[in-house]
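Student: My questions will all concern the structure given below.
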Amino acid sequence: MAIIFNEEKKTISLHTKNTTYQMKIGNLDYVNHLYYGPKMMDADLSYMIMQYDRGFSGNPYDSLKERTFSLDAQPQEYSTLQQGDFRTSSIEVINADGSYSFNGRYKSHKITEGKYDLETLPAAFAAEGEQADTLELVLEDAISGVEVHLIYGVFEEKDVITRAAKIVNNSEGDIHVKKIMSATIDFMNGANMDLFHLPGRYGQERQAERSAITHQINTICSGRGSSSHQQNPFIAVCDKDATEDAGNVYAMALMYSGNFLAEVELDQYDQLRMQMGINSKNFDYLLKSGETFEGPEVLMTFTNEGFTKMSHIYHDFFRNNLNKSRFMHEARPILINTWEAAFMDFDDKKLVEIAKAAKKMGVEMLVMDDGWFGKRDDDNSGLGDWFVNENKIKCGLNELVKQINDLDMKFGIWFEPEMVSEDSDLYRAHPDWVMEIPGRKAVRSRNQLALDMSRKEVQDYLIESVNKILDNANIAYMKWDINRSVTDIWSNALAADRQGEVYHRHILGLYRVMDGIIKTHPDILFEGCSGGGGRYDAAMMCYYPQYWVSDNTKPIDNLKLHYGTSFLYPVTSMGAHVSDASPFVPFETKAVVAMCGTFGYELDATHLSDEVVEACAKKSALYKKYFPLILEGDYYRLTNPFALSNFTAWESVSKDKKDALVSVVITNLTVNGPQEYLRLKGLDAATMYEVTGENVSLTLSGAALMYAGLPIPREVPDFSSMQFEIKAM
Ligand code: GLA
């Protein structure tokens, strides 16, 4: 059992292979957080808690005249509200009597075998044969009767602890939940630490950013109705000197696709509070007496081996503990997507032509993107009308799919289920199904409106209409898009005093629709998309084995995008395509960049020269050869593309350290500069390896490759690329 309750010391310890997390039922039954860090099997860390009389840090009434006990100066497992802890809180509730107060103290706890599940939200699971344990800790406010249930899942082998929080309204009246964090960690000393996160924007998602944590509340959040392009629900707090290869890193990723909030507060005493949960902005959940509110799950990890190790922990966890789709461990078909080839200007003949041309490039699947349904010749109409436009697909969908299948290729299709155009049959029939505040006109974005996913009728319509298409033709793949942020939050199906629930109910509705479409089609490969990588989050990874990384297909920009994304997400979750963007970059380099993720093409295959087609075929074959290594291996970021450097390099190494693939893209070679050497990672120092690449054939030890490095040729054009195959002898 990885969870141990020490009755005498009143500590609860959660142990994974390399870490220990400890809390204590402390003074007056408040639960203190004691420790998260390298493994310590039998330690009692209670001695860490020091008490002083601190000015303006008040004392709970029942500590009597004892002035040295203040919740403001103690590490809490989950904060109280209005009890003298002035840091940003884990919880905000308005009680039935109108008071803003939560005095949560230990009530009980339960340790059970197996991983808990959540009732309304996606959650991680133990893989087949894997041991996981659950702790449920109940904090109670004895006056109001409101309880918080803190739930912990311990994945011992994976070094991951999951957390979630539920609020149970055991009071006599109704309460309002205004804030609920899924996990809070209070570090007793957080001076000299950095915050790392993945901000971005449309076309430039998940750009890695690291900054010093100063005395303030650092807030990373989204209020856009989705996890967003602008921020990602992931943060890490690390030692100032932590690097890819060394140092303490504490990380949290939230399994939630809606408005999220991450806070990192360095307080007056240099205590650091790190927490994550649903964004409290525009959030107000009416919880009736007897009801429970469940918050989303946080995936938490700690390592003292730096960021690469953190990424490896998350990659292994995402590959095995979030998504049961068989595609998670299978070769993905090389696809060609019609968007940048034809936009909405296509018909069945054009699609078959593209497929025939692409076949020669080693492509295995044609994806018919936006424009095939309703009245959809541009992006001003048609969304919501999920039936085939037979003016474009003249032969009918079934026949088109058959023609593609006859080429021995699979067929994929695009949908944007959560949206509606005002110029659509759906909107004309149900104008009340959109998010729009009565008496006001909704904000338009890409000239479309957001459907109110909290409504059951909307959910049922989408499940039925999308499934009808998926079930009536031989569809192998679906790209699920969403192309705007959600504003004008209002549900016509809810009373005025419940509108603060809509953002959350909208996401619950989305998950219900995804369950009804994705989980009922285990043989269809689903790829997520939100105008590129706008809703790329851990909860979406429970549904999609892959996600369109960005609408930006410029290969040099993608080096940064892939780099940032790889901190949390396995690289094979990144849909990455070769396109016509950046014509000055050689085709071979575009392919090397796209091989960092799930490879495909996004161009008009009918216009390519024989030479390019032949080169594509070679790269497609190479990708198929390397995919198992990229899929299951360990990924190493060898350089930082945000730093000024001459090249960007990355590496995949098989778990047994026998095979590796190193990719290098020359971004800007300085004139007459020094010779550079690329030090590889993750190999076995004592093993001899054969290194092959274009004009390169070497036999070197793992030690030489890792400690001395590979010389990177200088006499090459800018934007050229190299791949080195490394094989143990
Ligand atoms: C979004 C997607 C693109 C494409 C278009 C279609 O922008 O990211 O790949 O599917 O929508 O409208």
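Student: I'd like the full set of residues that are away from the ligand (no atom under 16 Å from the Cβ) and either within 20 Å of GLU364 (Cα to Cα) or among the hydroxyl-bearing types (Ser, Thr, Tyr) (or both), limited to segment 476-491.
Tutor: Correct list: ALA476, THR487, SER491.
Student: Separate question: All but one of (1) more than 16 Å from the ligand (Cβ to nearest atom); (2) touching a residue at least 40 places away in the same chain (Cβ under 8 Å); (3) under 24 Å from PRO296 (Cβ atoms) hold for ASN472; state the number of the condition that does not hold.
Tutor: (3)
Student: How many residues are farther than 26 Å from LYS349 by Cα and either away from the ligand (no atom under 16 Å from the Cβ) or surrounded by fewer than 23 Cβ atoms within 10 Å (Cβ to Cβ) (or both) if we restrict to segment 388-420?
Tutor: Number satisfying all stated conditions: 1.
Student: Take the residues in segment 345-387 that are among the hydrophobic types (A, V, I, L, M, F, W, C) and over 26 Å from ARG332 (Cβ atoms), then tell me which one is nearest to the ligand (Cβ to nearest atom).
Tutor: LEU383
Student: Looking at (1) under 20 Å from HIS229 (Cβ atoms); (2) open to solvent by 10 Å² or more (accessible area, probe 1.4 Å); (3) more than 14 Å from the ligand (Cβ to nearest atom), which is the one condition that is false for ILE507?
Tutor: Failed condition: (2).
Student: While we're looking at this one, here's another question. Look through PHE86, PHE56 and report the one residue that is at positive phi and among the aromatic types (Phe, Trp, Tyr). Break it down stepwise before answering.
Tutor: Values: PHE86 fails: at positive phi.
Going through PHE86, PHE56 in turn, the sole match is PHE56.
Student: Please state which of the following conditions PHE69 fails to meet, knowing it meets all the rest: (1) in a loop (DSSP other than H, G, I, E, B); (2) touching a residue at least 40 places away in the same chain (Cβ under 8 Å); (3) surrounded by fewer than 19 Cβ atoms within 10 Å (Cβ to Cβ).
Tutor: (3)
Student: Scan the strands (runs of 3 or more DSSP E) fully inside segment 296-373 and keep the ones with 3 or more residues being under 27 Å from PHE260 (Cα atoms) and of a type in the set (A, V, I, L, M, F, W, C). I'd like the intermediate steps shown before the answer.
Tutor: Values: elements: 297-303, 335-337, 365-368.
By residue number, 297-303.
Student: Another question about this same structure. Could you tell me which residue of segment 81-116 is nearest to the chain's Cα centre (by Cα), considering only residues that are open to solvent by 50 Å² or more (accessible area, probe 1.4 Å) and under 21 Å from ILE185 (Cα atoms)?
Tutor: So in segment 81-116, the residues open to solvent by 50 Å² or more (accessible area, probe 1.4 Å) come out as 82, 86, 92, 96-97, 100, 106-107, 110-113.
With under 21 Å from ILE185 (Cα atoms) added as a condition, the list becomes 82, 86, 92, 106-107, 110-111.
Details: GLN82: 33, PHE86: 31, GLU92: 26, TYR106: 33, LYS107: 34, LYS110: 30, ILE111: 29 Å.
Within segment 81-116, the match that is nearest to the chain's Cα centre (by Cα) is GLU92.
Student: On to the next question. Starting from segment 327-345, take each residue that is touching a residue at least 60 places away in the same chain (Cβ under 8 Å) and list its partners that are open to solvent by 10 Å² or more (accessible area, probe 1.4 Å) and part of a strand (DSSP E or B), counting only C-beta distances under 6 angstrom and pairs at least six apart or across chains.
Tutor: PRO333/LYS410
Conditions tested, residue by residue: (1) farther than 17 Å from GLY200 by Cα; (2) within 14 Å of the ligand (Cβ to nearest atom).
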residue	(1), (2)
GLY531	no, yes
ASP551	no, yes
LEU559	no, no
THR572	yes, no
GLU611	yes, no
TYR623	yes, no
GLY633	yes, no
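Student: Among the numbered conditions (1) touching a residue at least 40 places away in the same chain (Cβ under 8 Å); (2) more than 24 Å from GLN22 (Cβ to Cβ); (3) of a type in the set (A, V, I, L, M, F, W, C); (4) open to solvent by 10 Å² or more (accessible area, probe 1.4 Å), tell me where MET188 comes up short.
Tutor: Condition not satisfied by MET188: (2).
Student: Let me ask something else. Given (1) within 16 Å of the ligand (Cβ to nearest atom); (2) at pLDDT 95 or above; (3) under 24 Å from GLY528 (Cβ atoms); (4) open to solvent by 10 Å² or more (accessible area, probe 1.4 Å), where does ALA341 come up short, assuming only one miss?
Tutor: (2)
Student: Which condition does ASN640 not pass, out of (1) surrounded by fewer than 23 Cβ atoms within 10 Å (Cβ to Cβ); (2) in contact (Cβ under 8 Å) with a residue 60 or more places away in the chain; (3) part of a helix (DSSP H, G or I); (4) out of contact with any helix residue (DSSP H, G or I) (no Cβ under 6 Å at 6 or more places or on another chain), if it passes all the others?
Tutor: Going through (1) surrounded by fewer than 23 Cβ atoms within 10 Å (Cβ to Cβ); (2) in contact (Cβ under 8 Å) with a residue 60 or more places away in the chain; (3) part of a helix (DSSP H, G or I); (4) out of contact with any helix residue (DSSP H, G or I) (no Cβ under 6 Å at 6 or more places or on another chain) one by one, ASN640 breaks only (3).
Student: If you don't mind, there's one more thing I want to ask. Looking at GLU632, is it under 23 Å from the mean Cα position of the chain (by Cα), of a type in the set (D, E, K, R) and surrounded by fewer than 19 Cβ atoms within 10 Å (Cβ to Cβ)? Full working, then the answer.
Tutor: Values: under 23 Å from the mean Cα position of the chain (by Cα): yes; of a type in the set (D, E, K, R): yes; surrounded by fewer than 19 Cβ atoms within 10 Å (Cβ to Cβ): yes.
Taking the combined requirement at face value, the residue satisfies it.
Student: Checking LEU449 against (1) over 33 Å from the mean Cα position of the chain (by Cα); (2) of a type in the set (A, V, I, L, M, F, W, C); (3) under 20 Å from HIS504 (Cα atoms): exactly one of these is not met. Which one?
Tutor: (1)
Student: For segment 421-452, what are the residues that are among the charged types (D, E, K, R) and surrounded by fewer than 23 Cβ atoms within 10 Å (Cβ to Cβ)? Steps first, answer last, please.
Tutor: Here is the first cut: in segment 421-452, the ones among the charged types (D, E, K, R) are 422-423, 425, 428, 432, 436, 440-441, 444, 446, 452.
Result: GLU422, ASP423, ASP425, ARG428, ASP432, GLU436, ARG440, LYS441, ARG444, ARG446.
Student: Is it true that some residue in segment 389-409 is touching a residue at least 24 places away in the same chain (Cβ under 8 Å) and touching a Gly at 6+ places or on another chain (Cβ under 6 Å)?
Tutor: Scanning segment 389-409 turns up no residue that is touching a residue at least 24 places away in the same chain (Cβ under 8 Å) and touching a Gly at 6+ places or on another chain (Cβ under 6 Å).
The values are calculated or read from the model by the stated rules, or taken from the named source; none is laboratory data. Remember, it's a predicted structure, so these values are computed and weren't measured experimentally. Glycine also receives a Cβ, built like all others from the backbone with ideal geometry; neighbour counts cover every protein chain displayed. Keep in mind that these areas ignore ligands, DNA and RNA; they rest on the heavy atoms of the full protein, side chains included. Shrake-Rupley method; radii C 1.70, N 1.55, O 1.52, S 1.80 Å.
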